[in-house]
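Contents: one structure, followed by commentary.
The values are calculated or read from the model by the stated rules, or taken from the named source; none is laboratory data. Here the structure is a predicted model, which means the values were calculated and not measured. Neighbour counts are summed over all protein chains in view; Cβ atoms, including those assigned to glycine, are modelled from backbone coordinates with ideal geometry. Only protein heavy atoms, including side chains, enter the accessible area calculation; ligands, DNA and RNA are left aside. Shrake-Rupley method; radii C 1.70, N 1.55, O 1.52, S 1.80 Å.
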Amino acid sequence: MSERTATKEPATDSRAAPTPGGDPGWKERAIGPIGAIILAIIIVVIGELLVLNGILNDIIVPRPTDVFTALIATFSEGFFYRHLWVTTLEVLIGFVVGTVLGFALGAFLGVSKRARAISYPYIVAFQGLPKVVLAPVFITIFGFGIESKIVMAIAISFFPVLINTMAGLTGVDPQARRLMRSLNASDWHIFTKLSLPSSLPLIFAGIKTGLTLALVGAIVGEFVGADSGLGYLLDVYSYQLEIPRVWAITTVLAAMGVVLFLFIEWVDRKVVFWQSQRELSTTM
Amino acid sequence: MTQPRQGTEVLPSANPAIIGVNGLSKTYQSGSGPIEALADISIEVARGEIVAMLGPSGCGKSTLLEILAGLIPPTSGEVTIDGQNPRPRAEVGLMFQQALLFPWRTVLANVMLPAELSQQSARDWEARANELLGMVGLEGWAEKYHWELSGGMQQRVALARVLLLDPEILLLDEPFGALDEMTRESLDLEMMRIASDADKTVVLVTHNVYEAALMCDRIFVFTPRPGRIAGVVEIDEPRPRSLAFSTTSEFSERVAEVRTLLSGENIDE
């Protein structure tokens with residue numbers, strides 16, 4: 001009782017809202033990007049020196065300057081763009097269709113407990129399967145053209161979206177669900193106004209993984225059997241022992257992956273804006 | 001001892017019971033057999049009364065609140081809310097220990113949620129939502145998000161949300177239990193003032209004896225597992241009260257009565 005004898009407690013909350021932290025300064029923020037560029041320069045210089053001094057054979061590992069020259073040469077050749085277009089198309093179509101399918105199926109499984117129980121063994125089996133082994137199967141079915149690679153990209157990218165959508169929908173805070181029910185919310189409203197938005201952070205994590213995997217799927221498909229695409233080009237160059245060209249195409253594929261990933265990350269930050277904000281306010 | 005000081009204001013006939021519970025029991029089925037959560041609960045709450053369901057964790061008091069809210073059915077017994085079977089509806093508002101604000105919604109949009117779910121035009125409710133935010137001391141916070149708010153402020157938003165559709169009955173499940181002592185006290189007093197002004201019926205689930213004695217007209221003391229009513233303590237002090245009430249002898253006597261009931265000495269009466 002003694003602690004309660006004060007006649008008047010402060011009427012305001014004892015805990016103030018978090019205030020934004022101070023600006024750490026441009027120097028602090030510039031360390032990351034500048035350091036990364038310096039690191040890249042160091043690696044390139046070391047690579048150049050190792051090959052020049054004969055420590056590495058340039059038939060096996062090309063000089064960075066040779067790779068750069070090959071890259072310029074590649075960009076000046078018209079057929080490169082045809083292959084680039086084919087792979088881009090395969091990745092984008094595969095990714096979009098895979099994401100839509102993964103979301104639709106994941107939402108269905110997330111909502112229906114019965115469907116989840118029935119499909120569980122198949123999900124576990126498919127999760128354990130290294131999806132690249134499907135490439136020969138799809139090429140047998142869909143041929144050497146773009147279709148088999150699209151199917152490959154779909155098959156490999158839809159799964160993480162499915163799993164994460166399902167996990168997100170089944171992991172909704174039961175207390176929040178109770179709140180919705182006490183407000184007489186319909187099942188549809190519980191889905192659209194609670195379950196779906198609260199699953200979005202997980203769904204986007206799945207989509208990001210799926211995007212990277214779509215690129216893997218398309219390239220693996222092209223390796224196994226194709227007549228066009230960057231994976232096909234990579235294959236041809238390595239048979240011709242055009243090693244700088246192989247590295248140049250690899251660089252293009254890496255850049256493609258980075259651009260797609262940055263785009264999705266940007267969309268993620270716009271859609272799931274509350275997630276990054278929350279992280280920001282707890283780290284401050 | 002179960003009905004101390006009977007007759008002063010226990011269910012005067014002019015104020016008929018708005019909540020009636022008669023012989024209610026609730027048994028859960030679990031893997032290791034049935035678990036009896038509540039046994040033979042009979043309670044009447046008059047219109048405009050503030051009552052507490054007080055007991056240790058696991059005494060089933062939250063279960064009782066969920067039954068009153070119409071979220072789960074009782075195993076046996078009768079429950080009436082304003083003469084009807086319990087079901088989720090606008091006249092009954094439920095508030096939880098967590099604020100449960102949706103992080104993708106602004107403070108204002110969170111407060112408007114009940115109106116949105118009852119298919120009402122949001123525009124009609126915006127003025128009331130803003131008014132309520134002013135009432136709970138959050139004027140100017142409408143467009144903020146929950147991560148910009150302290151725990152106490154978040155719970156104030158939840159309070160504004162539960163008041164939006166102007167429910168007659170408020171079911172509060174340890175609404176300020178996760179907050180620090182000082183914030184909880186100030187919110188308790190505010191809640192009591194709001195409920196008294198608007199003549200709301202409040203059922204407060206708590207394990208805090210002081211909170212119950214400060215806010216409520218009557219305290220139903222529950223026994224642990226299965227929850228039964230060990231006794232009822234009446235607090236004969238007009239509302240709204242101030243913290244000064246907690247220094248009076250009336251307050252400490254009632255707290256002592258509740259403590260005696262909680263310790264189980266009078267159960268076999």
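Remarks
- Label-to-label distance for residue A:89 and residue A:112 is 3.5 nm, based on points extended 7 Å past Cα in the beta-carbon direction.
- Seen against the Cα atoms of chain B and their longest principal axis, helix B:122-135 is set at about 70 degrees.
- Among the protein heavy atoms, those of residue A:187 account for about 130 Å² of accessible surface (1.4 Å probe, every chain in place).
- CD proxy at 222 nm, helix term only [per DSSP H run n ≥ 4: -39500 (n - 2.57); per residue of chain B; nearest 500]: -10000 deg cm²/dmol
- Segment A:51-88 versus segment A:115-151: alpha-carbon centroid distance in Å: 33 Å
- Estimated dipole of the protein assembly as shown in Debye, rounded to 20 [Cβ of Lys and Arg +1, of Asp and Glu -1, Cα centre]: 1300 debye
- Ordering A:247, B:260, A:110 by Cα displacement along the dipole of the protein assembly as shown toward the positive end leaves A:247 in first place; charges were set at the Cβ atoms of Lys, Arg (+1) and Asp, Glu (-1).
- Between residue A:255 and residue A:104, full extension at 0.36 nm per residue minus the direct alpha carbon distance yields a gain of 51.4 nm.
- Placing +1 on each Lys and Arg Cβ and -1 on each Asp and Glu Cβ, with no other charges, gives chain B a dipole about its Cα centre of roughly 560 debye.
- Farthest towards the positive end of the charge dipole of segment A:187-284, among the residues A:237, A:262, A:201, is the Cα of A:201, using unit charges on the Cβ of Lys, Arg, Asp and Glu.
- Applying 0.36 nm per residue to the separation of residue A:192 and residue A:239 and subtracting their alpha-carbon distance, the gain on full extension is 11.6 nm.
- Model label sites at residue A:58 and residue A:34, defined 7 Å from Cα along the beta-carbon direction, differ in position by 3.4 nm.
- Cα coordinate range in the protein assembly as shown, projected on the principal axes (Å, largest first): 102, 55, 47
- Computed from Cα positions, the angle between helix A:78-111 and the longest principal axis of chain A comes to roughly 30 degrees.
- Where both bridge residues fall in the protein assembly as shown, DSSP classifies roughly 50% of the beta bridges as antiparallel.
- In a reduced charge model with +1 at each Lys and Arg Cβ and -1 at each Asp and Glu Cβ, chain A shows a dipole moment near 1340 debye about its Cα centre.
- Once the chain from residue B:143 to residue B:78 is taken as fully extended at 0.36 nm per residue, the excess over their C-alpha distance is 19.0 nm.
- Counting only DSSP H runs of at least 4 residues, each contributing -39500 (n - 2.57), and dividing by the residue count of chain A, the helix-based mean residue ellipticity at 222 nm comes to -25500 deg cm²/dmol.
- Formal net charge of residues neighbouring residue A:235 (Cβ-Cβ distance under 14 Å; K, R +1; D, E -1): -1
- With the simple model of a label 7 Å out from the Cα in the direction of the Cβ, residue B:32 to residue B:242 spans 5.1 nm.
- Taking a sphere under 14 Å around the Cβ of residue A:60 and counting the other residues whose Cβ falls inside, with K and R at +1 and D and E at -1, yields a net charge of -2.
- Cβ-based net charge around residue B:41, under 12 Å, with every Lys or Arg adding one and every Asp or Glu removing one: -1
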